[in-house]
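First comes the structure, then the notes that go with it.
The values are calculated or read from the model by the stated rules, or taken from the named source; none is laboratory data. All values derive from a computational prediction rather than experimental measurement. For neighbour counting, all protein chains shown are included, and Cβ atoms are generated from backbone atoms with ideal geometry for every residue, glycine included.
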Amino acid sequence: MVILFIWKRALLFSFFIISFFCNAQKIIRFSDGKQIDSVFVVNSTQKILIHKKNVVNYNYTSNDRILYQNKIYDFTLENDSLILFDKTKEIEPVNIVNVNNKKEISVKNRKKARFVYSIISNVKDAIFIPNKLDKKSYVKSISIFPKKVLIKGGILEIFFYENENGVPKDDAPLLKIEKNVNDVETGTFEIVLPKAIKYPENGFFVVFYIRDRGSILGRKTIDLNCSEETIGLIKQDQAINNRWTSIDFPSLQYKLKILQ
């Protein structure tokens, strides 16, 4: 009888655990907090029904979108929840904060600025992106504006870091993306995040790094449009102290796509 009682309790506990994990997964519409039982994941080749208990088991890609009640949504996964977004907002660098003296400078996105910001091989270039939004948001993509690509081959690494006292918290990247340098085109180059990330309250850093061990500094670069204001940090592979150093150089032009 005792064994039967223990067996029943174990069975009940197992059922509770299974039910808990199934119910812990949710599909939520961000704009109004509505919880949804199922949606379709769609792309150019397929349409797959996903139930809330299976949201973490599907292998999502950056090309996927969510279809719910004949409407397309962007999405992200967070804490075992599939979050749907029906509002997209574009942000250009209107208020860039100078990390050296904390001064805020108004910046217009002048595509024909006479300065360029050069990403040089084997040097990490960090750009600070402030957060001036008044509500919780997620970052979908960042666009930069290459003027010249003076390098063939190599890998462009793009890191997203939290802001830690004015420098990138580079021991724990929010996200890392790799692009073939040959895929970087002049004009507009949009970097779509494989997963939308929560916009940190204190802003974040985007770090660019061209991985090309055979390069000659100053000859292999990607030149980007920028403004005349000063912002930016660099870290060189060969540096002895391996610290971020501020640079007196024009700041990067960028455009963000934000999900709300």
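Of the strands (runs of 3 or more DSSP E) lying entirely inside segment 48-145, those carrying at least 3 residues that are closer than 25 Å to VAL181 by Cα and at pLDDT 85 or above are 123-129, 138-144.
Counting only residues that are buried (at least 18 other Cβ atoms within 10 Å of the Cβ) and more than 17 Å from the chain's Cα centre (by Cα), segment 150-166 holds 2 of them.
So in segment 21-33, with the set limited to residues that are in a loop (DSSP other than H, G, I, E, B) and touching a residue at least 24 places away in the same chain (Cβ under 8 Å), which one is farthest from ASP74 (Cα to Cα)? That would be GLN25. Scan VAL192, VAL184 and give me the residue that is at pLDDT 85 or above and within 30 Å of ASP134 (Cα to Cα). The match here is VAL192.
For the structure I just gave you, tell me whether ILE36 is farther than 21 Å from VAL192 by Cβ, in contact (Cβ under 8 Å) with a residue 24 or more places away in the chain and surrounded by 13 or more Cβ atoms within 10 Å (Cβ to Cβ). It is true that ILE36 is farther than 21 Å from VAL192 by Cβ, in contact (Cβ under 8 Å) with a residue 24 or more places away in the chain and surrounded by 13 or more Cβ atoms within 10 Å (Cβ to Cβ).
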